[in-house]
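Q: Supplied in structure tokens, the structure appears directly below.
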Amino acid sequence: MKVGFAGTPAFAQTALQAIVRAGYDVPVVLTQPDRASGRGMKLTASPVKQTAIEHGITVLQPTSLRLDGRWTEQAQATQAALEALDLDVLVVAAYGLILPTWVLELPKHGCLNIHASLLPRWRGAAPIQRAIEAGDSSTGITIMQMDEGLDTGDMLMGKTIDIAEDDNAETLHDRLAPLGADLIVQALDAVARGTLTATPQPEQGVTYAHKILKTEAALDLTQPAAELSRRIRALNPFPGATVRLPGLAEPVKVWRARAFGQITTDTPGEVLAVSEQGIDLSTGQGVLRLLELQRPGAKRQPVATFVQSYLQSYEQSHQTRG
């Protein structure tokens, strides 16, 4: 069975590696064009491309797949290349490009998507982060038959995992990626046997996981501490939550924090305590204790290390206000 693959980041790379290990014939990989990254801003291949190269798989990197758009020639060349391969199925995982109808209809068995949520909850671009931010107790992987909607296709397989109280977007991603890889291999096995069954998504329970924006980084301390703690976890590692502290000219990134207490009467954002145990901030409801921070241009530090240099700045600021 010929399996095409479309994906870009590490989440997709894990699935591609599993499909190759399972012995499936993967003649082609689609992935995003190389991007400039790092201090030298050198063009860097995506994780999926790196794996494809390791296994001698043909790599296609169109900027767009729309036949009527700005990159028509690239899309037409990609279409011709895929049609020549006579694919049985195309597996899609965090590819990053919209698949037009001609792609969805090209493989014999269509396109199977590895989606990092329990559909129909958290359709869209950032299901891992939004599940954490919303305080969901569980999430999982859904293997979906793709259609022209936004994650609206029939469900083929799924599995649930718990979200731990200390999970952030990175740790939850690292648990979901191998789960998705295992399920897609099971789905491909079922396709090969002709036993894969589809279930329409229910109309109730639909939510949308909108793309994470850098503008979400700044914490609004008028919000409850519990919500802020979840947002910090959801934005770790990208883009990282930020907060302004008295005595410091620039915002600092907050990588870990804990919420406690139900009611505070202090002004939101006021520093209640500074110690090696944490920097306690008043919020709209409860106290947010900062546990791991990072100044601009510096490394992450546990709060016990951070406060050694911060205490003097804080005390000077406090005296000035007094």
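The values are calculated or read from the model by the stated rules, or taken from the named source; none is laboratory data. Nothing here was measured: the structure is a model prediction, and the numbers come from that model. Reconstructed Cβ throughout: ideal geometry from the backbone, glycine too, with neighbour counts over all protein chains shown. Protein only, heavy atoms only, side chains kept; ligands, DNA and RNA dropped before computing areas. Shrake-Rupley method; radii C 1.70, N 1.55, O 1.52, S 1.80 Å.
Q: Residues of the stretch 103-131 being over 22 Å from LEU196 (Cβ atoms), open to solvent by 40 Å² or more (accessible area, probe 1.4 Å) and not basic (Lys, Arg), which ones?
A: ALA125, GLN129, listed by residue number.
Q: Counting just the residues of the stretch 132-145 that are in a strand (DSSP E or B) and open to solvent by less than 50 Å² (accessible area, probe 1.4 Å), which one comes out farthest from PRO9 (Cα to Cα)?
A: Filtering first and then ranking leaves SER138.
Q: Can you find, within the stretch 252-264, the residue that is modelled with the lowest pLDDT among those that are over 18 Å from GLY240 (Cα atoms) and open to solvent by less than 90 Å² (accessible area, probe 1.4 Å)?
A: The qualifying residue modelled with the lowest pLDDT is THR264.
Q: To continue, here is another question. Collect the residues in the stretch 60-78 that are among the aliphatic types (A, V, I, L, M), assigned to a loop (DSSP other than H, G, I, E, B) and under 16 Å from ALA6 (Cα atoms), keeping them in residue-number order.
A: In the first step, residues of the stretch 60-78 are kept if they are among the aliphatic types (A, V, I, L, M); the result is 60, 65, 67, 75, 77.
Those still in the list that are assigned to a loop (DSSP other than H, G, I, E, B) too: 65, 67.
Hit for the stretch 60-78 is LEU65, nothing else.
Q: Output the number of the condition that SER137 fails; it satisfies all remaining conditions of (1) closer than 29 Å to PRO33 by Cα; (2) in contact with a strand residue (DSSP E or B) (Cβ under 7 Å, 6 or more places away or on another chain); (3) among the hydroxyl-bearing types (Ser, Thr, Tyr).
A: (1) is the only condition that SER137 fails.
Q: Something else: From the residues in the stretch 265-309 that are touching a strand residue (DSSP E or B) at 6+ places or on another chain (Cβ under 7 Å) and modelled with pLDDT under 90, which one is most open to solvent (accessible area, probe 1.4 Å)?
A: Just the residues of the stretch 265-309 that are touching a strand residue (DSSP E or B) at 6+ places or on another chain (Cβ under 7 Å), to begin with: 266-273, 278-295, 300-303, 306-307.
Subset that is modelled with pLDDT under 90: 266-267.
Working: ASP266: 62, THR267: 91 Å².
That would be THR267.
Q: Next up: Any idea which of GLU148, GLU165 is open to solvent by 50 Å² or more (accessible area, probe 1.4 Å) and either under 20 Å from ARG233 (Cβ atoms) or free of Cβ contacts under 8 Å to residues at least 12 places away in the same chain (or both)?
A: Answer to the selection: GLU165.
Q: Right, another one. Report yes if some residue within the stretch 68-86 is touching a helix residue (DSSP H, G or I) at 6+ places or on another chain (Cβ under 6 Å), under 15 Å from VAL103 (Cα atoms), open to solvent by 60 Å² or more (accessible area, probe 1.4 Å) and of a type outside the set (D, E, K, R); otherwise report no.
A: No, the conditions are met nowhere in the stretch 68-86.
Q: Consider LEU235 carefully, then state whether it is in contact (Cβ under 8 Å) with a residue 60 or more places away in the chain, open to solvent by less than 40 Å² (accessible area, probe 1.4 Å) and over 13 Å from ASN168 (Cβ atoms).
A: no
Q: So, GLU170, is that one crowded, with 16+ Cβ neighbours inside 10 Å, under 20 Å from the mean Cα position of the chain (by Cα) and at pLDDT 95 or above or not?
A: No.
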